[in-house]
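Working notes, structure below.
Readers should treat all values here as calculations from the given coordinates under stated rules, not as data from a laboratory. Note that this is a predicted model, so its numbers are computed, not measured. Here the Cβ positions follow ideal geometry from the backbone for every residue, glycine too, while neighbour counts run over all protein chains shown.
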Amino acid sequence: MNKYEKIQYLMDKCIVAVVRADSSDGLVRVVEAVAEGGVHCIEVTMTTPGALACIEEASKRLEGTDALLGVGTVLDAETCRLAILAGAEYVVSPTLSIETIQMARRYGKPMIAGAYTPTEILTAWEQGSDLVKVFPASVGGPEYLKAIKGPLPQIPLVPTGGVDLTTIGPFLKAGAAALAVGGNLVDKKLLAAGDFAGITANAKAFAEAVKAARA
């Protein structure tokens, strides 16, 4: 897929599973479990020890599958570059870093920069972020997203934080282009127990909830 096909893929699949853990042990298996559940866009955060090695290993294992592997919690341009070289196919940041946006664009990778206020969101879009991560979306919820989409309908927004099975419908109705889900999908208890089947089941529930909301 080229860059624009990847952007469309992110929006079509809708759910981006945010995978973070205290250890890189078994993290690749978690990525595979999420993909097996029908959530094909997976973001490995840089807060995970050994994240770059995990991305590199996972990208090799997932080659030829429907999974699109990205990197999250990217705070600077150099980390962005290293993650892309390790195999990340898109980049997500929690904050607005223009240098990071520029680096992702230099490598032709989709960029989802983090922002919250209308000014930040517009700035991220004007600087070249392909989608804009609204974080923390738990503050304000779907109503806030709907209010932002009023004056800025052209900007594809990805709410992050506060997205669960009950809020998928309201966020999509408010105009979300995609949804990022962390602990509500990759549950810490399941992660600690190595319950990959449980993580797969969660992923299936989220994928089905998106289908139901869109129907």
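Evaluating residue 126 against the criteria (1) more than 22 Å from residue 44 (Cα to Cα); (2) touching a helix residue (DSSP H, G or I) at 6+ places or on another chain (Cβ under 9 Å); (3) free of Cβ contacts under 8 Å to residues at least 12 places away in the same chain leaves one unmet condition, (2). Restricting attention to the stretch 82-97, the residues that are surrounded by fewer than 20 Cβ atoms within 10 Å (Cβ to Cβ) and assigned to a helix (DSSP H, G or I) total 3.
Quickly run through the stretch 20-31 and pick out the residues that are out of contact with any helix residue (DSSP H, G or I) (no Cβ under 7 Å at 6 or more places or on another chain) and either among the charged types (D, E, K, R) or at negative phi (or both). Hits for the stretch 20-31 are 20, 22, 23, 25. For the stretch 72-98, the set of residues classified as β-branched (Val, Ile, Thr), closer than 15 Å to residue 128 by Cα and free of Cβ contacts under 8 Å to residues at least 60 places away in the same chain consists of 91, 95, 98, listed by residue number.
Could you tell me how many of the residues in the stretch 65-78 are of a type in the set (A, V, I, L, M), assigned to a strand (DSSP E or B) and crowded, with 24+ Cβ neighbours inside 10 Å? Qualifying residue count for the region: 2.
Each row is one residue, and each column tells you yes or no for (1) outside any helix (DSSP H, G or I); (2) touching an Asp or Glu at 6+ places or on another chain (Cβ under 9 Å).
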| residue | (1), (2) |
| --- | --- |
| 29 | no, no |
| 39 | yes, no |
| 52 | no, no |
| 63 | yes, no |
| 80 | no, yes |
| 99 | no, yes |
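Taking the stretch 189-208 as the range and being out of contact with any Asp or Glu (no Cβ under 6 Å at 6 or more places or on another chain) and β-branched (Val, Ile, Thr) as the test, only 199 passes.
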